[in-house]
1. Please determine whether any residue of region 65-81 is open to solvent by 30 Å² or more (accessible area, probe 1.4 Å) and not in a helix (DSSP H, G or I).
2. Which is within 19 Å of LEU34 (Cα to Cα) and either basic (Lys, Arg) or in contact (Cβ under 8 Å) with a residue 40 or more places away in the chain (or both), of ALA117, ALA109, ALA76?
3. Assess whether VAL93 counts as being of a type in the set (A, V, I, L, M) and without any contact (Cβ under 8 Å) to a residue 12 or more places away in the chain.
4. Under the condition of being open to solvent by 60 Å² or more (accessible area, probe 1.4 Å) and part of a helix (DSSP H, G or I), which residue from region 25-42 is farthest from PHE73 (Cα to Cα)?
5. Among the listed residues PHE140, PHE119, which satisfies the condition of being under 17 Å from ALA68 (Cα atoms) and not small (Gly, Ala, Ser)?
6. Of these, PHE103, PHE140, PHE111, which one is open to solvent by 10 Å² or more (accessible area, probe 1.4 Å), modelled with pLDDT of 95 or more and more than 27 Å from PHE180 (Cβ to Cβ)?
7. State which residue pairs qualify: first residue of a type in the set (S, T, N, Q) and inside region 165-180, second residue open to solvent by 50 Å² or more (accessible area, probe 1.4 Å) in any location, beta carbons under 7 Å apart, and separation of 6 or more residues or different chains.
Amino acid sequence: MIKRHIPNTLTCCNLISGCVATAFAFGGQLGTALLFIVIGAVFDFFDGMSARLLGVSSPIGKELDSLADDVTFGVAPATMVFFELGVMDYPAVLESLRQVLPFTAYIMAAFAALRLAKFNLDERQSMGFIGLPTPANALFWGSLTVGAGQLIESSPYMVYAVLALVLLSSYLMVAEIPMFALKFKHWGWRGNELKYTFLLTCIPLLLIFRLSALAIIVAWYVMLSAYSNKKRK
């Protein structure tokens with residue numbers, strides 16, 4: 001039956017989008033790379049939806065989905081950071097490591113793969129996430145490198161900030177930190193305060209900061225999740 005191949009076809013489109021994004025990132029066309037990451041995210045959304053609607057979920061589809069997600073949301077954004085670390089000014093103390101340090105960006109790809117493997121085995125994530133979702137991490141780095149590239153390249157000491165953020169985002173992807181998902185059991189305010197607050201605050205951020213807003217929104221999402229966890233405790 002044709003319908004059983006639809007979800008995996010969409011997943012393969014996600015994988016191809018990630019490969020194309022990676023190729024453009026290597027060439028320094030970061031805006032186009034981000035566009036294909038977003039296209040991959042759209043395919044990622046619809047492959048799972050189609051599998052549920054058609055009732056054709058399979059173990060192969062789950063494994064293929066993780067592979068595609070690691071390319072699109074792990075390797076592609078890591079390559080964007082790899083390129084940025086290759087063109088940034090370095091402080092004198094790090095100049096001798098210029099040929100090596102950009103490869104640290106791929107730590108994120110490894111942690112994205114680890115997160116995706118954990119996600120496949122973790123049954124606690126039906127209405128939320130444990131750790132930072134890989135698409136959110138990809139959008140953070142895509143937005144930061146494209147929308148705030150001039151800021152990143154404004155000082156040789158910004159390399160320290162980028163390396164620290166690489167390590168932090170890698171940790172957040174596998175950390176045992178509950179994070180909310182935009183899934184609604186009902187549309188009322190009570191019980192959805194956190195989600196509605198997040199969505200409403202995203203609007204002015206997008207209007208003010210435009211493309212750079214995606215990085216700010218992901219950071220805001222992490223902070224709101226941390227606040228919610230602390231409040232529950």
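1. No: region 65-81 contains no residue that is open to solvent by 30 Å² or more (accessible area, probe 1.4 Å) and not in a helix (DSSP H, G or I).
2. On the way: ALA117 fails: within 19 Å of LEU34 (Cα to Cα); ALA109 fails: either basic (Lys, Arg) or in contact (Cβ under 8 Å) with a residue 40 or more places away in the chain (or both).
So the residue among ALA117, ALA109, ALA76 that is within 19 Å of LEU34 (Cα to Cα) and either basic (Lys, Arg) or in contact (Cβ under 8 Å) with a residue 40 or more places away in the chain (or both) is ALA76.
3. Numbers: of a type in the set (A, V, I, L, M): yes; without any contact (Cβ under 8 Å) to a residue 12 or more places away in the chain: yes.
It is true that VAL93 is of a type in the set (A, V, I, L, M) and without any contact (Cβ under 8 Å) to a residue 12 or more places away in the chain.
4. So the first thing to find is which residues in region 25-42 are open to solvent by 60 Å² or more (accessible area, probe 1.4 Å), and the list is 26, 29, 35, 38, 42.
From what is left, the residues that are part of a helix (DSSP H, G or I) are 26, 35, 38, 42.
Details: PHE26: 15, LEU35: 12, VAL38: 10, VAL42: 12 Å.
The qualifying residue farthest from PHE73 (Cα to Cα) is PHE26.
5. Values: PHE140 fails: under 17 Å from ALA68 (Cα atoms).
Going through PHE140, PHE119 in turn, the sole match is PHE119.
6. PHE103
7. That search, which allows pairs on different chains as well, returns SER170/ILE107; SER170/PHE111.
Yes/no per residue for (1) in contact with a Ser or Thr (Cβ under 7 Å, 6 or more places away or on another chain); (2) at pLDDT below 95; (3) closer than 19 Å to ALA148 by Cα:
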site	(1), (2), (3)
ILE6	yes, yes, no
LEU30	yes, no, yes
ALA33	no, no, yes
SER50	no, yes, no
GLY61	yes, yes, no
LEU64	yes, yes, no
VAL75	yes, no, no
ALA78	no, no, yes
GLU84	yes, no, yes
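The values are calculated or read from the model by the stated rules, or taken from the named source; none is laboratory data. This one's a predicted model, so the numbers in the text were calculated from it and none came from an experiment. Note that we place each Cβ from the backbone using ideal geometry, even for glycine, and neighbour counts take in every protein chain shown. Just the protein is used for accessible areas: all its heavy atoms, side chains included, with ligands, DNA and RNA removed. Shrake-Rupley method; radii C 1.70, N 1.55, O 1.52, S 1.80 Å.
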